[in-house]
1. If you go through segment 242-286, how many residues are among the hydrophobic types (A, V, I, L, M, F, W, C) and farther than 16 Å from D201 by Cβ?
2. Hey, could you check segment 147-179 for residues that are among the charged types (D, E, K, R) and under 18 Å from P288 (Cβ atoms) and say which is modelled with the lowest pLDDT?
3. Look through S224, S276 and report the one residue that is farther than 21 Å from D32 by Cα and not aromatic (F, W, Y).
4. If only one of S207, S230 is in contact (Cβ under 8 Å) with a residue 12 or more places away in the chain and in contact with an Asp or Glu (Cβ under 8 Å, 6 or more places away or on another chain), which one is it?
5. Check F187, F118 and return the single one that is of a type outside the set (S, T, Y), in contact with a helix residue (DSSP H, G or I) (Cβ under 8 Å, 6 or more places away or on another chain) and under 14 Å from Y76 (Cβ atoms).
6. What number of residues within segment 53-99 satisfy the criterion of being part of a helix (DSSP H, G or I) and either touching a residue at least 60 places away in the same chain (Cβ under 8 Å) or among the β-branched types (V, I, T) (or both)?
7. Just give me the residues in segment 264-280 being closer than 22 Å to A22 by Cα and basic (K, R), in sequence order.
8. In the list V129, V153, which residue meets the criterion of being without any contact (Cβ under 8 Å) to a residue 40 or more places away in the chain and under 16 Å from the mean Cα position of the chain (by Cα)?
Amino acid sequence: MKKIISLILVVLMLALVVTSCAKKNSDFVAKDATDLIQEDFGIAVQKGNSELLEAVNKVVDKWVEDGTMTEYVDYYTALSDFEAGAEGATEPDAGDLKTSWDFGSATETIVVYTESGFAPFEFISNGKVIGVDIAIMSQVALDMGKKIEIKDVAFDTIPTCVENDSGDAVGAAGMTITDERKETVDFSNIYYSSTLVVVSDKDKAISSVKDLAGLKVAVQEGTSGDLIISDAVESDGYKYTVENDDGEEEEVVIKAEGAEVVRYKQYALALEDLKSGRVDAILMDKLPALTMLAVAD
């Protein structure tokens, strides 16, 4: 009996140690990756579908020009923070923003491929996928006399899903416009610009890709963070061009040799491993990172 009691006490003590050592969201910080440049988001449209692309651009251009896009970003950021229980968050008032769309008796459908773990651009609320991208495509469908069907899939499969769909289809998932993706899909005009950040322990914050050398780096599979760090660990490094002060293009090479890339389907899983110490940092877009860390736990 004494042995059993002793064993139980040991187990309880170990549990207390694990609990006391567990990291919280507030223990981490998102720092801009200072050696990277701004990324531009666009809606991915089937190649050659000019009618759909034109309709998307019409909404995107109007909302960017009149400030509606910024209002949607702010509203859905506040809403996702509130629903996730972020400290100090209050339920936002949508005001004049449309947050529901009546497609009436529309029979034709636009399939919207997305990945719902990327607030404020898409996230789950009351069992439905909502967010900035869904608002854009809802308005596009309404303008075209159609309706939308949302398909929540793995992020890295979205361009292929759009390419292979037999009807009208888009990828709306906070997707960065890249030359590689342009081989598979056409992109709308830019509707939001973002920077990548490194999420790491605030006591030893990391603020560049090169400083990820030798560390375990978490990314969402198929995202810009994945593509960049995967190139950076190779001997040739990750390359991009910028315009220098003389107006000439200059190549920048970033290396993070020895970094180990750990890929996840969702950022939430990456965060759990960061908190438990199984990875050292996450490379991801800034706004979703700030939204993710704002949640009290």
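The values are calculated or read from the model by the stated rules, or taken from the named source; none is laboratory data. Note that the structure is a prediction, hence the values are computed from the model and not measured. Here Cβ is always computed from backbone atoms with ideal geometry, including for glycine, and neighbour counts include all displayed protein chains.
1. Applying the first criterion (among the hydrophobic types (A, V, I, L, M, F, W, C)) to segment 242-286 yields 242, 252-254, 256, 259, 261-262, 268-271, 274, 279, 281-284.
Then keep just the ones that are farther than 16 Å from D201 by Cβ; that gives 242, 252-254, 256, 259, 261-262, 268-269.
Number satisfying all stated conditions: 10.
2. Narrowing segment 147-179 to residues among the charged types (D, E, K, R): 147, 149, 151-152, 156, 163, 165, 168, 179.
Then keep just the ones that are under 18 Å from P288 (Cβ atoms); that gives 152, 156.
Details: D152: 98, D156: 95.
So the residue we want is D156.
3. Numbers: S224 fails: farther than 21 Å from D32 by Cα.
Checking each option against the conditions leaves just S276.
4. On the way: S230 fails: in contact with an Asp or Glu (Cβ under 8 Å, 6 or more places away or on another chain).
None of the other options fit; the residue is S207.
5. Details: F187 fails: under 14 Å from Y76 (Cβ atoms).
The conditions single out F118.
6. Our first condition is that a residue be part of a helix (DSSP H, G or I); within segment 53-99, this holds for 53-66, 68-83.
Going one step further and asking which of them are either touching a residue at least 60 places away in the same chain (Cβ under 8 Å) or among the β-branched types (V, I, T) (or both), we end up with 53, 55-61, 63-64, 68-70, 72-73, 77, 80-81.
Selection size over segment 53-99: 18.
7. Pass one, segment 264-280, residues closer than 22 Å to A22 by Cα: 264, 266-280.
Once the filter is applied, which keeps residues that are closer than 22 Å to A22 by Cα and basic (K, R), segment 264-280 yields K275, R278.
8. Details: V153 fails: without any contact (Cβ under 8 Å) to a residue 40 or more places away in the chain.
Testing whether each residue is without any contact (Cβ under 8 Å) to a residue 40 or more places away in the chain and under 16 Å from the mean Cα position of the chain (by Cα) leaves just V129.
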